[in-house]
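What follows is a set of notes on a single structure, which appears directly below.
Nothing in this text is a laboratory measurement; each read-out follows from the coordinates by a stated rule. Here the structure is a predicted model, which is why all the values come from computation and not from measurement. Because the Cβ atoms are built from the backbone with ideal geometry, glycine has one as well, and the counts that use them run over all protein chains shown.
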Amino acid sequence: MAEYISAEGLKKLKKEVEHLKTAERRAIAERLEAAKALGDLSENAEYQEAKEAQSLNEGKIQDLEEMIREAVVIQKPTGTSAVQIGSTIEVHSRHGDETFTIVGSEEADPVGGKISNESPMGQAFLGKAVGDKVEIKTPGGVEPYKVAKIM
């Protein structure tokens, strides 16, 4: 499944993969060598832990590389009259004015104003225009919002 991500987010993923392939692999290899030096590998907890760390690291590398291959880079929409992935919007709510950016789920940070396109809130705003009202069902009840600006 395609994962929407910003160019900045894609760059971070690539940097993380590079770190896992170089520094992390090197550190695990050193742990394995140190554990081998202790002798009998069948009862060597340090060796088993290092092998497990190696397996987890390789699995994470595979997951991130797949995510990178399937990534759809979000282009900042320009001159659009409807909310899209990548749009930054200003909304009015009973809590005052709020600003959100619609991002892919991998980069979602609700506290930082980045909401996922897959979240109920993100889905409610997609396709809306300035002046449109939406009601979002939350655990605390239904929250009304009005799209004030698409940036």
Inset, instruction - May I ask you to evaluate 6.51 cos²θ - 1.76 cosθ + 1.60, the Karplus curve with θ = phi - 60°, for each residue of region 132-144 and list the ³J(HN,Hα) values in order in whole Hz, giving x for glycine and proline? - result: 5, 10, 10, 10, 10, 7, 10, x, x, x, 8, 10, x
Inset, instruction - Please find, in a Gaussian network model of the chain (springs between Cα atoms separated by less than 10 Å), the residue of VAL103, VAL111, VAL72 whose mean-square fluctuation is greatest. - result: VAL111
Inset, instruction - Pop out the ³J(HN,Hα) list for region 78-89 in order, Karplus 6.51 cos²θ - 1.76 cosθ + 1.60 with θ = phi - 60°, rounded to Hz; leave Gly and Pro as x. - result: 10, x, 9, 9, 10, 5, 10, 4, x, 6, 10, 10
Legend entry - On Cα atoms only, tilt of 7-19 relative to the major axis of the chain in degrees: 10
Legend entry - Those trypsin sites (Lys or Arg not before Pro) in region 76-136 that DSSP places in a loop and that have at most 15 other beta carbons within 10 Å: ARG94
Inset, instruction - List every residue whose amide H lies under 5 Å from the amide H of GLU143, counting only residues 5 or more places away in sequence or on a different chain, with H placed 1.01 Å from N in the peptide plane. - result: ILE136, LYS137, THR138
Inset, instruction - Restrict the search to region 1-59; then list the GluC sites (Glu not before Pro) that DSSP places in a loop and that have at most 10 other Cβ atoms within 10 Å of their Cβ. - result: GLU43
Legend entry - Separation in nanometres of the label points that stand 7 Å from Cα toward Cβ, at THR138 and VAL72: 2.8
Inset, instruction - Using amide H atoms built 1.01 Å from N in the peptide plane, name the residues 5+ places from VAL103, or on other chains, whose amide H lies under 5 Å from its own. - result: GLY86, ILE115, SER116, ASN117
Inset, instruction - Indicate, rounded to the nearest 5 percent, the antiparallel portion of the DSSP beta bridges found entirely in the chain. - result: 75
Legend entry - Members of LYS11/LYS128; LYS15/LYS76; LYS128/LYS149 lying beyond 18 Å, as alpha-carbon distances in this model show: LYS11/LYS128; LYS15/LYS76
Inset, instruction - Give the label of the value calculated from the structure for Kirkwood radius over Cα pairs in Å, choosing from [x] 16.3; [y] 24.4; [z] 18.3. - result: [z]
Inset, instruction - Of the options ALA124, GLY104, PRO144, report the single residue whose Cα projects farthest towards the positive end of the charge dipole of region 88-150 (beta-carbon charges: Lys, Arg +1; Asp, Glu -1). - result: PRO144
Inset, instruction - Work out the charge dipole of the chain with +1 on the Cβ of Lys and Arg and -1 on the Cβ of Asp and Glu about the Cα centre, then indicate which of HIS19, GLY9, VAL91 is farthest towards its positive end. - result: VAL91
Legend entry - lysines whose Cα lies under 16 Å from that of LYS51, excluding same-chain neighbours fewer than 8 positions away: LYS21, LYS36, LYS60
Legend entry - Residue-averaged [θ]222 nm for the chain, counting only DSSP H segments that reach four residues, each worth -39500 (n - 2.57): -12000 deg cm²/dmol
Inset, instruction - Compute the acute angle (0 to 90°) between the alpha-carbon long axis of helix 45-70 and the principal axis of greatest extent of the alpha-carbon atoms of the chain; round to the nearest 10°. - result: 40
